[in-house]
Structures are given as C-alpha cells and as structure tokens.
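Beneath this line is the structure, given in structure tokens, with notes to follow.
The values are calculated or read from the model by the stated rules, or taken from the named source; none is laboratory data. Everything numeric here is computed off the predicted structure, so don't read it as measured data. Cβ coordinates were reconstructed from backbone atoms using ideal geometry, including for glycine residues, and neighbour counts include every protein chain displayed.
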Amino acid sequence: MHLRELPVILALVALVLVTWAINPLFLSPQGVKDMLLNATIVMILAVGQAIVIITRNVDLSVGSILGLVAFGTGTLFVSFPGIPIVAVFILGMVFGALLGAVNGLLVTLAKVPALVITLGTLYIYRGLNNAWAGGTQYFADDRPEAFGNLSVDTVLGFPLITLMAVFVVVIVAIFMAGARSGRDLYAIGSDPDAARVFGIPVTKRVLLAFVANGVLAGLAGVLYTSRFNSVGATTGTGLELDVVAAAVVGGVAIFGGSGSVVGAAFGALLLTTITGALTAVRVDKFWQQAIVGVLILASIVIDRIASVRTARRLRVSEARDV
C-alpha cells in the first residue's frame, strides 16, 4: 500500500462510519450490496483510466465506448438468442479494444494531445451510438436470466460483478508493478523523452495503454447491461467525468508518472459512496457534486505540492553530493 492511497482509504472509512452513525440502515446487508454495486462499473473504468493517465494522457471517450458496447450487448442477445454469455463478454471486450485502439493510434500517430483526440472521439462514438440505437432500447426482459443474475447473485455477501471488478483490479495491479511493460508506462509518464533515450518503445506502450483502457471499458459496458434495466442511445453519457475524477481522487497524478490502479479503484468506491452517503442523510444533490469537485481540486493541489517537495529534496541531495 502506497502513501497516496492511504488518505483515500481513511476518508472512505470515516465517511462510512459517520453515515452509519446517522443512518444505521446504511450498513445493512442490502445497503452494503447497493454501495458495492454502485461502485463496480466506475471501478473498472477508473482502472483503465489510471493506466492511460499514468502515461501522461487521458481518455474522455470511455463513457461513449461503454455506451456502444452496452447497446451492442443488448443487440447480441436479441439478434442471437442462446448466444453463450462468455462469447458476449469476449465480443464486448474486443469491441472496446478496437475503439480504444482508434484513440491510441490517433494520439500516437497524429501527435495531438489525448485530451483533444478523445474529446473528438467522445462525440464521434456517441454519434455512432445515436445513429445505431435511434429510439431503440433494450430492457431486462431482452437478456437471459443468467446474465441478469450476475448483478443479483452474491458470494459471501459480495455481488458477483463486484468480485469480477476486484479480480480486474488485482490482475492489472500485478501487471503494472511486475511486468516490464507496466513499469514502462510510469517511465513514459514521468519523462517521455528520457524514456525514449532508455530504449522504451513509447509509441507502442501508449497504444497498449489505450487498448487496455478500451478492453476494460468494453467489459464495463457488458456488465452495465447486466446491472441496469435498460440500455440505449444515451447510455454512459457523462460517465467519463466520474471516471477521471475517481482516478485523480484515488491518487493518480493528472500529470502522469505516478499513482496506482488500486488507488483509482478506491477513488471510485469513495466517490460513489459519497453519493450514497449524502443521499442516505438527505443532503441536496448540488452539495454531492460540490463535494466531489472539492475532492478533485484538493487531490490535484496535494499532488502538486508533493511533486514540488520531492523535486526540491532531489536538488538539495544533488547539491550535497557535489
């Protein structure tokens, strides 16, 4: 566990305890289940976003990717009755990977900031979903019962899809910490030019980050279809802001080079819990959004202060060595 994640975890624990003291139903079995289910989709998306942000990029199109995959999932179940659920997951993640690859190729080949590219693809993908879906919506009755049960069934009290999200977090965290290509992403985010000097294939790694983010957005899109009662042209709209916020609040530096997917997952859990907690104590929705905004600003300021102090200590250390 890194220092960056500790404040998020402490804030989460404090929030849960205070809300529980005010409203004991908040930690009832159903309350805990709802809290975890609400966080699941954002957790998966935040993990993918963290991978991209660590490379000093950002992907604003994840909500639109989720929407396309979610509607595609509904289409598969309606068009191909009896299709294996595993096949739907695979196709959803492949679809997401293709959309993520488009983002990655545009960023790496056009040499245009990811903020601009993915803002454009956000609207392109959303437009494609609008054209594809039109006024069509798929509802819970259009999917197999076993698929819908993924969001209902529990294991030791934990929703099955939440356990899937935790598995994703663990696998990606191990990759980022243990695989050379994962560690390369941190080097690229810290200093892309220095990474090139050391022989790191920057273009290939950044493309990998966007593809991985697309895969996870695809997975989230499939799970979204299981979790919610309907999917259509507007599914996922505005979700990208919550995802970026979760990663930043979870300690992933917006300037790249530091943070962890575990922190991003806790950030997602914190933000969704804030919404549930304030609703439980009947706080106006405006204040829910305001608190999230304050958390984002505080996270960026704290990260900036920490970076400045680290740089200052390095200069002092180098001066002493000389």
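Tell me the residue from Ile44, Ile51, Ile9 that is within 18 Å of the chain's Cα centre (by Cα) and at pLDDT below 95, please.
Ile9
Which is under 29 Å from Ile200 (Cα atoms) and polar (S, T, N, Q), of Thr136, Thr154, Thr162, Thr121?
Numbers: Thr136 fails: under 29 Å from Ile200 (Cα atoms); Thr154 fails: under 29 Å from Ile200 (Cα atoms); Thr162 fails: under 29 Å from Ile200 (Cα atoms).
When all the criteria are applied, what remains is Thr121.
Hey, can you tell me all the residues within region 114-131 that are farther than 16 Å from Gly238 by Cα, surrounded by fewer than 17 Cβ atoms within 10 Å (Cβ to Cβ) and within 20 Å of the chain's Cα centre (by Cα)?
Val116
Pick from Gly236, Gly263: which is modelled with pLDDT of 90 or more, part of a helix (DSSP H, G or I), closer than 21 Å to Thr40 by Cα and not polar (S, T, N, Q)?
Gly263
Sort through Ser226, Ser260, Ser181, Ser190 and tell me the only one that's in contact with a His (Cβ under 8 Å, 6 or more places away or on another chain) and hydroxyl-bearing (Ser, Thr, Tyr).
Numbers: Ser226 fails: in contact with a His (Cβ under 8 Å, 6 or more places away or on another chain); Ser181 fails: in contact with a His (Cβ under 8 Å, 6 or more places away or on another chain); Ser190 fails: in contact with a His (Cβ under 8 Å, 6 or more places away or on another chain).
From the options Ser226, Ser260, Ser181, Ser190, the qualifying one is Ser260.
Determine which member of the set Gly259, Gly218, Gly236 is buried (at least 19 other Cβ atoms within 10 Å of the Cβ) and in contact with an Asp or Glu (Cβ under 9 Å, 6 or more places away or on another chain).
Numbers: Gly218 fails: in contact with an Asp or Glu (Cβ under 9 Å, 6 or more places away or on another chain); Gly236 fails: in contact with an Asp or Glu (Cβ under 9 Å, 6 or more places away or on another chain).
After ruling out the rest, the residue left standing is Gly259.
Would you confirm, using the coordinates I've provided, whether Gln49 is under 26 Å from Ala220 (Cα atoms) and free of Cβ contacts under 8 Å to residues at least 12 places away in the same chain? Please lay out each step first, then the result.
Numbers: under 26 Å from Ala220 (Cα atoms): yes; free of Cβ contacts under 8 Å to residues at least 12 places away in the same chain: no.
Considered against the rule, which asks whether it is under 26 Å from Ala220 (Cα atoms) and free of Cβ contacts under 8 Å to residues at least 12 places away in the same chain, Gln49 comes out as no.
Report whether or not Leu115 is out of contact with any Lys or Arg (no Cβ under 8 Å at 6 or more places or on another chain) and closer than 23 Å to Val231 by Cα.
no
Could you say whether any residue in region 135-149 is over 30 Å from Gln30 (Cα atoms) and either in contact (Cβ under 8 Å) with a residue 40 or more places away in the chain or in contact with a helix residue (DSSP H, G or I) (Cβ under 7 Å, 6 or more places away or on another chain) (or both)? Before the answer, list the steps.
Within region 135-149, the subset over 30 Å from Gln30 (Cα atoms) is 135-136.
Going one step further and asking which of them are either in contact (Cβ under 8 Å) with a residue 40 or more places away in the chain or in contact with a helix residue (DSSP H, G or I) (Cβ under 7 Å, 6 or more places away or on another chain) (or both), we end up with 135-136.
Yes, that holds for at least one residue.
Do the conditions hold for Arg205, that is, is it crowded, with 16+ Cβ neighbours inside 10 Å, basic (Lys, Arg) and either touching a Lys or Arg at 6+ places or on another chain (Cβ under 6 Å) or outside any loop (DSSP other than H, G, I, E, B) (or both)?
Judged against the criteria, Arg205 is a match.
Which condition number does Leu223 fail, the rest of (1) assigned to a helix (DSSP H, G or I); (2) aliphatic (A, V, I, L, M); (3) modelled with pLDDT of 90 or more; (4) surrounded by fewer than 24 Cβ atoms within 10 Å (Cβ to Cβ) being met?
(4)
Can you name the residue in region 5-47 that is crowded, with 21+ Cβ neighbours inside 10 Å and of a type outside the set (A, V, I, L, M, F, W, C) and, of all such residues, is nearest to Ala247 (Cα to Cα)?
Thr40
Among Ile254, Ile274, which is the only one that is among the β-branched types (Val, Ile, Thr) and more than 19 Å from Met35 (Cβ to Cβ)? Talk me through it step by step, then tell me what you get.
On the way: Ile274 fails: more than 19 Å from Met35 (Cβ to Cβ).
Sole residue among the options that is among the β-branched types (Val, Ile, Thr) and more than 19 Å from Met35 (Cβ to Cβ): Ile254.
Any idea which of (1) free of Cβ contacts under 8 Å to residues at least 24 places away in the same chain; (2) assigned to a helix (DSSP H, G or I); (3) surrounded by 18 or more Cβ atoms within 10 Å (Cβ to Cβ) is the one Ile200 doesn't satisfy?
(2)
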